[in-house]
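Here is the structure we will look at, set down as structure tokens.
FYI, it's all coordinate maths here, none of it is from the lab. From a predicted model like this one, the values you see are computed outputs, not experimental measurements. For neighbour counting, all protein chains shown are included, and Cβ atoms are generated from backbone atoms with ideal geometry for every residue, glycine included.
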Amino acid sequence: MFVEPRGAPTRPRPGREWSDEFDDAVRGLASGFLIGIPVVFTVDLWWLGDQNQPLDSLTLLAFSYVLTLAAVYWIGFRRGLRRGWLVFGDAIEALALAVLALVAVFWVLGQIGDGQAPSIAVGRIAVAIAPVSLGVAIANHLLARDASRADPDAGDAAAMRLGWHDGWRRTRFELAASAAGALFLCLAIVPVDDLAAITAEVPFRNLPLVILLSLLVTYSVVFAAGFAGETRRHRTPGLLQTPFAETVTAYLIALFVCLIVLWLFGRIDGESTVIEIYTKAVLLAFPASMAAAAGRLAV
Amino acid sequence: MTGRAARRKSLAEWVTLSLSLLVVGALIVVALVEESRRQDGDGPPLQVTFDTEHATARGESFYVPYTVVNTGSEAISSAEIWIDVYDGERVVESAEINVQFLPLQGKQDGTFVTTQDPAAHALRSRIESLQFP
């Protein structure tokens, strides 16, 4: 049994149980991607997973479940106060969402299901699952469901400074936030040069899938996950405020920021081939586009 | 429960929980099957196979694809393998290859370059050393 504050909108809403359930799952997944993907995007973690024995993987899985259980108990990804065994069930769901997210990421990057043994898949998922499942489990706090840049507080400084209802100024502000989010992540990844190893590991033919997953996840984070006034965002009249246009534009901005940072740190230069530049930019844009989405939600 | 409303779990939530149990259960089953397979493994730790049928000649060199598979019961952090090219019972060429980070049942593809025609010679491998994580 679980309880909700009296007078709060009931969730799941009567007659909309399935869509609300889907909404909670997508919110959890989006939060898991936001927190976990930068961690997953380190090749040392992949190699550590490769060397894992299956029993070690099970131990890590159990450890991740305990961590997730604690996070679900205090924060969670569903509305309402969950009690008793429901908390244990929610933690299992968070863990399962993390497994699905990791299977999608590793599959798109050609790191499982592409001739690798099952033990490799289990090892990599086990090593990477804790940050992703924790991300799922703290979805309610990562970005509050009802707080929104599309519906800011009356005293919100950014809203007052920018004139929140001015569509063009808002659009510029959001694009700048996307660039800032992408830059924040690029500055964490590019200097350590994990990207060179990841570039060597990911098959070239998988790069279009990486682009598609980047677009799908960033769309889910901003428009389909129930974060931050999603309904109002869908009907906001800004210049790039159609979901498709905003998602693609933010992705292109993340890609541009990636190229700049790669060039600044000497990872690409005038002698780099087009294929090398394309490969590095697309792979780096995968986590950077998620950070860009987080940046848009954070302002 | 003053000020609060209580309700039961919906069918949708039951379905989600069931699917989640299925996903996590599948991961656990795969790990247990892999552990069982690992404990049963008692063959040589590495297996090297040469694909001489797909060897190509460029100039005076022959490029022979090979695959190294970790068939042992532990992941290998690095391995040194010697490849000998035999003309009858006589070794006419030798070279060393290094393999790094080979997980359980993991495989590493590569190409061995030799000046001897693989169609007329035998290629054999021997393990020089292994390192474990």
Checklist entry - In a solvent-free Debye calculation with one equal scatterer on each Cα, what is log10 I(q)/I(0) for the range A:14-142 at q = 0.11 Å⁻¹, listed in the order of the q values? => result -0.37
Next on the checklist: Could you order the peptides A:132-138, B:126-132, A:254-260 from most to least packed, using the average number of other C-beta atoms within 10 Å per residue?
Outcome noted: A:132-138, A:254-260, B:126-132
Checklist entry - So how do B:75-85, B:106-116 stack up, highest first, on mean other-Cβ count within 10 Å? => result B:75-85, B:106-116
Next on the checklist: I'd like the mean, over residues of B:26-37, of how many other protein chain beta carbons sit within 10 Å of each residue's own Cβ.
Outcome noted: 6
Checklist entry - Averaged over peptide A:112-122, how many Cβ atoms belonging to another chain are found within 10 Å of each residue's Cβ? => result 5
Item to check | Within 10 Å of each Cβ in A:43-53, the average number of Cβ atoms from other chains | outcome: 4
Next on the checklist: To the nearest 20 Debye, how big is the dipole of chain B about its Cα centre, given +1 on the beta carbon of each Lys and Arg and -1 on that of each Asp and Glu?
Outcome noted: 1400
Checklist entry - Can you give me the Cα centroid spacing of the range A:243-291 and the range A:93-127 in angstrom? => result 24
Item to check | Cleavage-rule hits (trypsin sites (Lys or Arg not before Pro)) in the range A:44-141: DSSP loop, at most 16 neighbouring Cβ within 10 angstrom | outcome: A:Arg83
Item to check | P(r) histogram, all alpha-carbon pairs of chain B included - 10 Å bins from 0, percent | outcome: 11, 28, 21, 14, 9, 8, 5, 3, 1, 0
Next on the checklist: Students often check this: by mean Cβ neighbours within 10 Å, which of A:88-99, B:92-103, A:106-117 ranks highest, and how do the rest follow?
Outcome noted: A:88-99, A:106-117, B:92-103
